[in-house]
Amino acid sequence: QANVVKITTNLLIIHALEAMAEGFTLAERHGVDAHDLHELIVGTVFPGAVYEGYGRAMTDRVYLPAGFRTALGSKDLSLAGAAAASAGLELPTLNALRETFETAADRGMADHDWASIAEVLRGD
């Protein structure tokens, strides 16, 4: 059970990373400064370590040194998929998340912090 708790916790963090990456990219494309958006969300609706720390990494675009490597996030997504399959569950967002992490690795970000998935969405 401890392994499932760890995998589930990381899956929740990965969803938060994806949501921030999408939100920051959308805001930037419409001329909104991602730093300003980050300050707003952590000061109001999403206070906490995940949004503060990883959101800052995304807005500053600093992914080294890695707190948690993209390659490890990919591994945990595979483990989450296996755990879901063994429970007879389908996790609808899992394949999209795997694709984002695989693209990040293909672009040389496997050893970067997993917040670097933002660069995949930014197209950089």
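The values are calculated or read from the model by the stated rules, or taken from the named source; none is laboratory data. All values derive from a computational prediction rather than experimental measurement. A quick note on method: Cβ atoms are made from the backbone with ideal geometry, for glycine too, and the neighbour counts reach across all protein chains shown.
General observations
- The set of residues in region 26-40 that are within 26 Å of residue 94 (Cα to Cα) and surrounded by fewer than 18 Cβ atoms within 10 Å (Cβ to Cβ) comprises 26, 27, 28, 29.
- Region 92-103 residues that are closer than 11 Å to residue 74 by Cβ and aromatic (Phe, Trp, Tyr), paired with ones that are modelled with pLDDT of 95 or more and surrounded by 12 or more Cβ atoms within 10 Å (Cβ to Cβ) (beta carbon under 7 Å, 6 or more apart): 101/70; 101/73; 101/74; 101/77; 101/117
- Verdict on residue 34 being among the small types (Gly, Ala, Ser) and under 15 Å from the mean Cα position of the chain (by Cα): no
- Test result for residue 100, under 13 Å from the mean Cα position of the chain (by Cα), surrounded by fewer than 16 Cβ atoms within 10 Å (Cβ to Cβ) and closer than 18 Å to residue 20 by Cα: no
- Number of the exception - residue 109 against (1) in contact with a Gly (Cβ under 6 Å, 6 or more places away or on another chain); (2) over 23 Å from residue 3 (Cβ atoms): (1)
- Sole residue being at positive phi and of a type in the set (Gly, Ala, Ser), chosen from 108, 73: 108
- Residues that are of a type outside the set (S, T, N, Q), in contact with a helix residue (DSSP H, G or I) (Cβ under 6 Å, 6 or more places away or on another chain) and in a helix (DSSP H, G or I) were ranked within region 106-124; the one that is surrounded by the most Cβ atoms within 10 Å (Cβ to Cβ) is 115.
- Residue match in region 33-43 (condition: free of Cβ contacts under 8 Å to residues at least 40 places away in the same chain and small (Gly, Ala, Ser)): yes
- Restricting region 49-77 to residues that are not in a helix (DSSP H, G or I) and not charged (D, E, K, R), the residue that is nearest to residue 36 (Cα to Cα) is 62.
- Qualifying positions in region 1-22 - assigned to a helix (DSSP H, G or I) and farther than 13 Å from residue 117 by Cβ: 2, 3, 4, 5, 6, 7, 8, 9, 10, 11, 12
- Leading residue by the ranking (farthest from the chain's Cα centre (by Cα)) among those in region 71-83 that are surrounded by fewer than 17 Cβ atoms within 10 Å (Cβ to Cβ) and without any contact (Cβ under 8 Å) to a residue 40 or more places away in the chain: 82
- Residues of region 43-64 that are closer than 13 Å to residue 119 by Cβ and among the basic types (Lys, Arg): 61 alone.
- Selection status of residue 69, among the basic types (Lys, Arg) and closer than 16 Å to residue 121 by Cα: no
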